[in-house]
1. Identify, by number, the condition in (1) at pLDDT below 85; (2) closer than 30 Å to Asn130 by Cα that Asn114 doesn't meet.
2. Limited to region 94-125, what total is found for residues that are out of contact with any strand residue (DSSP E or B) (no Cβ under 9 Å at 6 or more places or on another chain) and more than 13 Å from Lys70 (Cβ to Cβ)?
3. Among the residues that make up region 52-60, is at least one of them within 34 Å of the chain's Cα centre (by Cα), under 24 Å from Ala121 (Cβ atoms), at pLDDT 65 or above and part of a loop (DSSP other than H, G, I, E, B)?
4. Among (1) at pLDDT below 65; (2) loosely packed, with under 10 Cβ neighbours inside 10 Å, where does Met41 come up short?
5. Looking at region 87-118, which of its residues are closer than 25 Å to Glu168 by Cβ, in contact (Cβ under 8 Å) with a residue 40 or more places away in the chain and out of contact with any Phe, Trp or Tyr (no Cβ under 6 Å at 6 or more places or on another chain)?
6. Within region 67-76, identify whether any single residue is touching a Phe, Trp or Tyr at 6+ places or on another chain (Cβ under 9 Å) and either farther than 30 Å from Glu110 by Cα or modelled with pLDDT under 60 (or both), and answer yes or no.
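The values are calculated or read from the model by the stated rules, or taken from the named source; none is laboratory data. All of these numbers come straight from a predicted model, not from anything done at the bench. With ideal geometry, Cβ positions are generated from the backbone for all residues, glycine too; neighbour counts draw on all protein chains shown.
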Amino acid sequence: MEEAVFPYSNSSPQPKNKKPMTGLIVSLIVLAALIGGFVLMKQPKKVEEKKDVVVEEKGPSPTEKPKIEKSTVKIQVINGTGTPGQAGVVVKALESAGYSADNIKTGNAEKFDNTTTSITARDNFEEIVNNIKSALGPTFEKITVVSPNLGADSEFDIVIVTGGKIFEEATPTPSKAVTETPTLSPTVTPTLTPTPKP
């Protein structure tokens with residue numbers, strides 16, 4: 001019996017052409033890549049926002065006042081009562097509170113009629129004024145802060161005029177003057193008497 005040969009039978013190996021299949025797959029991949037690239041290109045681009053670099057300055061903020069060193073504050077102390085040594089008492093109290101005696105000048109007021117101690121200061125010296133009030137509190141009963149503040153042309157940062165009991169110099173009361181009159185002792189005057197002759 002003869003075997004029938006079918007043109008599409010698997011019995012005899014026939015070479016298959018794989019080239020068209022591979023080319024088709026590569027074409028599909030390239031086509032997909034082109035379509036994907038096109039789609040990506042058409043999407044709206046995200047614009048990168050430029051960030052402004054802000055450099056923070058390390059200075060005092062508008063609400064924060066700069067710290068003032070007590071040892072650098074220039075102070076004038078004026079004796080406003082005429083009490084001897086009163087300005088010196090203030091200088092000692094300020095030194096004890098941390099202020100430098102080298103920056104403190106003393107003087108006398110033109111009139112000795114201040115019943116209240118007053119403090120006048122430059123702008124931004126509120127903390128120093130409060131500290132001085134505390135330092136002088138034990139010495140003076142009444143302390144006031146005077147405004148307007150000292151001008152920019154002032155030689156001093158703080159001016160203190162002492163107040164309190166007005167000093168009155170004791171005037172001497174007239175007393176009876178005792179005058180001594182010198183007493184003279186009697187003087188002996190020699191008398192000449194004639195002597196007898198022998």
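1. (1)
2. 6
3. Restricting attention to region 52-60, the residues satisfying the condition of being within 34 Å of the chain's Cα centre (by Cα) are 52-60.
After this cut, where a residue has to be under 24 Å from Ala121 (Cβ atoms) as well, the list is 59-60.
From what is left, the residues that are at pLDDT 65 or above are none.
Looking for residues that are within 34 Å of the chain's Cα centre (by Cα), under 24 Å from Ala121 (Cβ atoms), at pLDDT 65 or above and part of a loop (DSSP other than H, G, I, E, B), one finds none in region 52-60, hence no.
4. Answer for Met41: the failing condition is (1).
5. Ala87, Val89, Val90, Ala93, Ala109, Phe112, Asp113, Asn114, Thr115, Thr116, Ser118
6. Yes - at least one qualifying residue is present in region 67-76.
Every residue, every condition in (1) exposed (fewer than 14 other Cβ atoms within 10 Å of the Cβ); (2) not charged (D, E, K, R), yes or no:
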site: Ile132; (1), (2): no, yes
site: Leu136; (1), (2): no, yes
site: Glu141; (1), (2): yes, no
site: Gly151; (1), (2): yes, yes
site: Phe156; (1), (2): no, yes
site: Gly163; (1), (2): no, yes
site: Ile166; (1), (2): no, yes
